[in-house]
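Notes follow the structure.
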Amino acid sequence: KPQPAPQTAALENRFAKEVKPLLVQYCFNCHGNGKTKGQVGLDAFTNLTSVQGSAQTWNSISDVLTHKVMPPEGKKQPTDAERKLITTWIGDALNHLGKKALICLRERSGGKLVRAFWNVARELTAAD
């Protein structure tokens, strides 16, 4: 079995050791253990690949954490540092996905992709 690239392995490690425990601590009462309040369930996200497959969901998670919409008032709140740790990881993970996709496309095309395609690809993978 091939080993993941170092950046992929580092993101996986950060998710498992830093991010997932915070999600369990602050989010799983409503969005884990089979619960899907607001149609958001976090149980399925067990690794980097599963997160990258749901970029829109994770961008939304980053937004609600950044703007302190979630967890809701009255629930235990993560510290600003914990919020930053999660949102930074989300950004890193989704950026990694975009770079991987562009590199793969470039390699498959022999490096001869049309400039317009690259512009569209960059726009689609750009962080807002």
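Hey, can you tell me all the residues within the range 50-65 that are over 14 Å from L23 (Cα atoms) and touching a helix residue (DSSP H, G or I) at 6+ places or on another chain (Cβ under 6 Å)?
Q52, A55, listed by residue number.
So, in the range 9-39, how many residues would count as being touching a helix residue (DSSP H, G or I) at 6+ places or on another chain (Cβ under 9 Å) and crowded, with 17+ Cβ neighbours inside 10 Å?
Here the count works out to 11.
If a residue counts only when it is within 19 Å of E12 (Cα to Cα) and either at pLDDT below 90 or of a type outside the set (D, E) (or both), which helices (runs of 4 or more DSSP H) contained entirely in the range 23-128 have at least 3 such residues?
48-52, 55-66, 80-108
The values are calculated or read from the model by the stated rules, or taken from the named source; none is laboratory data. Here the structure is a predicted model, which means the values were calculated and not measured. In this analysis, Cβ positions are derived from the backbone assuming ideal geometry, glycine residues included, and neighbour counts consider all displayed protein chains.
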